[in-house]
Structures are given as structure tokens and as C-alpha cells.
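Here is the structure we will look at, set down as C-alpha cells.
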Amino acid sequence: VQLQASGGGLVQAGGSLRLSCAASGSTFSIDTMGWYRQAPGKQREFVAISMNGGRTNYADPVKGRFTISRDKAKNTVYLEMNRLNTEDTAVYYCNADLIFGPIRRYWGQGTQVTVSS
């Protein structure tokens, strides 16, 4: 499975961005897709996940501001980010967890999101 993330950029505090992550390859084996982020000097942290059946889950800092959605026909997961603040500045990584296979988790290349004050 290959993941290609896009949509990052520079935005002012209070603004919005929409990230996209397109999967290719053995997409039939994908179970969940989600987003993580890593700020400078910090560990990678969970942001949001889209599970089968339309269930979603969010990290507390982004609840009510970010929305994850998934288009299974396009094998793409999106992250709509609203009311961004400077603490949201990070490299955002999409990931896909597979139902089976020797490798169960794949990562995209990351896309930079910078929020200016």
C-alpha cells in the first residue's frame, strides 16, 4: 500500500485547511485510515481515525475543530481542519492499517502544516 498525502501549507490562526491522503496498491486490505502529527521536538501523536462503519475518533485537542472523512471509492481519507491555532503546527502523516498481510501499518510521506499567529 502506498499513501500520498497533500494539502498542507501556511495559514493564519483561525483559518482552515483540508488534507487529503490517497491510497494505492492493495487497498482492498485496508481496515482503518487515520492521521497523526509530529511537531518539532515532540513525538508523533494521534489526531484522528476513520474506522469501518463510519465510526471516527479524535484526539482531545482537535475535537470539535477537525473532521475526518473517507471516500472508499477513491481510497482517500480527508482531514478538514478548522479554527487552526499555532499549536496545530506540525508535519501531518496519514496512515492505513491493514486487515491482513506481513506489514499491517503503512505511512504516508507527511505534509507540513504551519499556522502563523
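For this structure, a couple of remarks:
- By average C-beta atoms within 10 angstrom, highest first, the peptides 97-110, 19-32, 56-69: 19-32, 56-69, 97-110
- Those aspartates and glutamates that a straight Cα-Cα span of less than 16 Å connects to LYS42, excepting residues fewer than 8 apart in one chain: GLU87, ASP88
- Percentage relative contact order, segment 1-64, counting C-alpha pairs under 8 Å, at least six apart: 22 percent
- Å² of accessible area per residue within the chain, as computed with a 1.4 Å probe and no ligands counted: 53 Å²
- Cα→Cβ-extended label distance, 7 Å offset, between ARG104 and THR86, nm: 4.0 nm
- Rounded to the nearest 20 debye, the dipole size of the chain about its Cα centre is 100 debye, using +1 on the Cβ of Lys and Arg and -1 on the Cβ of Asp and Glu.
- Which of GLY8, THR111, MET51, positive extreme of dipole for the chain (C-beta unit charges): MET51
- Semi-axes of the equivalent ellipsoid for segment 1-56, Cα gyration tensor, largest first, Å: 24, 14, 13
- Normalising the average separation of contacting C-alpha pairs (under 8 angstrom, six or more residues apart) by the number of residues puts the relative contact order of the chain at 37 percent.
- Charged-residue dipole, Cβ positions (Lys, Arg, Asp, Glu), segment 12-73 about Cα centre, Debye nearest 20: 120 debye
- Furthest towards positive pole of dipole, ALA90, PRO102, THR76, structure part segment 66-117, Cβ charges: PRO102
- Each residue of segment 52-66 is assigned a 3J(HN,Hα), and the resulting list reads 4, x, x, 6, 9, 8, 9, 6, 4, x, 10, 4, x, 10, 10 Hz, derived from the Karplus form 6.51 cos²θ - 1.76 cosθ + 1.60 (θ = phi - 60°), x at Gly and Pro.
The values are calculated or read from the model by the stated rules, or taken from the named source; none is laboratory data. It should be emphasised that the depicted structure is a prediction, and the values quoted were computed from it without experimental measurement. Here Cβ is always computed from backbone atoms with ideal geometry, including for glycine, and neighbour counts include all displayed protein chains. Surface accessibility is based on the protein's heavy atoms, side chains included, excluding ligands, DNA and RNA. Shrake-Rupley method; radii C 1.70, N 1.55, O 1.52, S 1.80 Å.
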